[in-house]
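Have a look at the structure below before the remarks.
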Amino acid sequence: MTAVELAGVSVDLDGRPVLRDIDLTVPGGARLGLIGPNGSGKTTLLRAVAGLVPARGQIRVGDAPPGSLSRRALARRIALVPQSPAVPAGMTVTDYVLLGRTPYIPYLGTETRRDLAIVAEVLDHLDLGGLADRALDSLSGGERQRAVLARALAQQAPVLLLDEPTTGLDVGHQQQVLELVDILRRDLELTVVSAMHDLTLAGQFADQLVLLDGGRVAAAGPARAVLTEAVIARHYHASVRVLEDPGGGIVVVPVRSTLERQVTHEQPA
Amino acid sequence: MTVTERRPGRAEVAPGPGPARLRAAPLALAVALLAGAALVAVLVGPVRLAPGAVLAELAGRLPGVHTRSGLSRQEAAILWELRLPRVVLGGLVGAMLAMAGAAYQGVFRNPLADPYLLGAAAGAGLGATLAIAYGPDTGSWPVDLLPMAAFAGAVAGVAAAYALGRSGGARTATTLILSGVAVAAFLTAVQTYVQQRQSETLREVYGWILGRLTTAGWREVALVVPYALVSTVAILLHRRLLDVLAVGDDEASSLGLRASQVRLVVVGAATLATAAAVAVSGLIGFVGIIVPHTVRLVAGTSYRRLVPLSLVGGAAFLILADLVARTVAAPAELPIGVVTAFFGAPFFALVLRTARRAP
């Protein structure tokens, strides 16, 4: 089943085109990596799918007709982890994760036992039980990122959108967070779309990559097809080596180019 | 902690203290503080009333209770027509200002927000000045013009700020605050101009701006109560949503909440509360900031606790401030706004220094 489908989606921000005519199909259970240079439209694409920016074209979420879902209904189907989530001073981890139940709690109502049970389960699942009463702003970067993930999981949405989930984490915590997302994806049968900066991690933790450049899909396919030296040079204006990892997979390594750059700077047609 | 250490089951998770619901103990404490403040304020004045007699007199008004208080007729009149209305009015005004302050801080995610942020004070000031300078003699009217004008000015000021903030297109909290600054500056300019033109009104206008609680029986209380009820119910109902707004408009939207809609309702209710308070008491500063922040420091930052505790705490604080205002220089009265700032500021500094960070 298709989890998310975009047909001819364009987004303008402040009159400037940010996404142009995006066609994209995300099958249920997929782990899709969204890559591209800064300003290529990764964040805007995620926000458009989450219904946070007005978009032209059709965005279909699950089996609902495009545009038919209310904000609350959408929040039950799509959970977005923003790149730099707000950290409300003094809010405990429990209260923060409980915010994920907002689309289920009646507008002026209060949480039920079931909401609390789900929060407890998510906290346990992410090994946050011991931090439940800690203030969010007293956690380390890795712990905080798990709390943010927990809030998204409490939304019980089948589709999880992650905007650069490893920002600000050291390499060990980057791996831990991505492994955790992968385990959760399998356990909870989620569809995961992540915008990623690190191309090696993107290749390791996504089955399919979509490369955005200038608001368009520049390349799409399995990591080996998208992450080539020529493609990266053309779209990132970067000199890299793509190396075989003896353990399987590929590794993208930046190199300092001594030769004059040979690629042109022109955008793909 | 690595992910591989994840526990297999979801057994042995101890149910923690849970979410930030309002608990009975802090609420009971706040209510006890309020009751104590109210009782002392009722007893103290030029004529001292005996505590036992007053309690018996009050209990005697309860349905089904018949007690003889032993208060003389004159003492009973002092209690029912002078002291009690003033204490109740002070409590209402303090409760409204503190609640509105907490609500504004929530919807604007700004700890410095106070009930006067969006032009309520400037609007009320202009309304009151116009009424004092140009208003007809309303001695024979059932209700004074001054509170009406102040109320209308406060509501109009906030409405103008809201309209201006929306017209820019971007309906963010910052735009709204900035348009509030613009509206307040403009209204204050007009108010100052009127005040200078009619310099004989200066003293009266100035006295009003510093805040005062004067009552004539229960009239002012009756004026405030309907607005207080409506806005209190509305804000109490929205207090959980104020916690959701703490993550910002954008994330609140991704959680299924329309932030601008919540903000409109809460600002509307807080404005009614502020306008009603200002109409009968002038511009009493500082209550809307220090009471919510003191509550935050002792009971945590969740609006689910903050709103009801600020409501009760604000009432107690203003009753005590008014007690000071009318006793320290008796028979003269200090402007209550001076008292709230003079005692409130050092107290707040003390709380800031001593309170450990809220959990």
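Annotations
- From least to most packed, judged by other beta carbons within 10 angstrom and beginning with the fewest, A:M91, B:M99 follow the order A:M91, B:M99.
- Rounded FRET efficiency, nearest 0.05, which uses the C-beta distance separating A:R241 from B:V181 and R0 of 41 Å: 0.15
- With the charge dipole of chain B set up from +1 on Lys and Arg Cβ and -1 on Asp and Glu Cβ about the Cα centre, the Cα lying farthest toward the positive end among the listed residues B:L130, B:V31, B:A316 is that of B:V31.
- GNM top mover of B:A315, B:A98, B:A269 - chain B, alpha-carbon springs below 10 Å: B:A269
- The range B:153-203 and the range B:305-330 have Cα centres lying 28 Å from one another.
- Only Lys, Arg (+1) and Asp, Glu (-1) charged, at Cβ; the protein assembly as shown dipole about Cα centre in debye: 1220 debye
- Gaussian network model of chain B, Cα within-10 Å springs - most flexible of B:P335, B:P85, B:P111: B:P111
- Gap separating the Cα centres of the range A:1-71 and the range B:269-288, nearest whole Å: 46 Å
- Radius of gyration, Dmax [chain A; alpha carbons; angstrom]: 19.2, 65
- Residues B:F342, B:F317, arranged from fewest to most other Cβ atoms within 10 angstrom of their Cβ, appear as B:F342, B:F317.
- Its DSSP H runs of at least 4 residues, each contributing -39,500 (n - 2.57), put the calculated 222 nm mean residue ellipticity of chain A at -9000 deg cm²/dmol, to the nearest 500.
- Computed Rg/Rh of the range B:217-359, alpha carbon atoms with Kirkwood Rh: 1.02
- Kyte-Doolittle at least -1.0, axis length at least 24 Å by Cα - qualifying DSSP helices, chain B: B:24-43, B:84-108, B:145-167, B:173-197, B:219-237, B:259-281, B:303-327, B:336-354
- Proximity of backbone amide H atoms, modeled 1.01 Å from N, is registered between A:S10 and A:D21, A:I22, A:R56, A:G57 at under 5 Å, excluding neighbours fewer than 5 places apart on the same chain.
- Which of B:M96, A:M1 has the fewest Cβ neighbours within 10 Å, and the rest in rising order: A:M1, B:M96
- For the protein assembly as shown, radius of gyration divided by Kirkwood radius, i.e. Rg to Rh on alpha-carbons: 1.08
- Chain B, relative contact order in percent, only Cα pairs under 8 angstrom and at least six apart counted: 27 percent
- For chain B, the mean residue ellipticity at 222 nm estimated from helices alone is -22500 deg cm²/dmol, where every DSSP H run of n ≥ 4 contributes -39500 (n - 2.57) and the total is divided by all residues, rounded to the nearest 500.
- Projected onto planes of every orientation and averaged, the convex hull of the alpha-carbon atoms in the range A:1-153 covers 10.6 nm².
- Highest-fluctuation residue, B:I336, B:I132, B:I78 considered, GNM on chain B with Cα pairs under 10 Å: B:I78
- Whole-number D in µm² s⁻¹ for chain B, Kirkwood Cα-pair radius fed into Stokes-Einstein, 25 °C, 0.890 mPa s: 113 µm²/s
- 5 angstrom amide H check on A:V4, placed H, neighbours 5+ away: A:V26, A:G62
- Net +/- balance of residues flanking A:H197 in space, Cβ distance below 12 Å, scoring K and R +1, D and E -1: -2
- Beta bridges per DSSP with both ends in the protein assembly as shown, % antiparallel, nearest 5: 60 percent
Every number here is computed from the coordinates shown, using simple stated rules; none is lab data. These numbers were taken from a predicted model, which means no experiment stands behind them. Methodologically, a virtual Cβ is constructed for each residue, glycine included, from the backbone with ideal geometry; neighbour enumeration extends over all protein chains shown.
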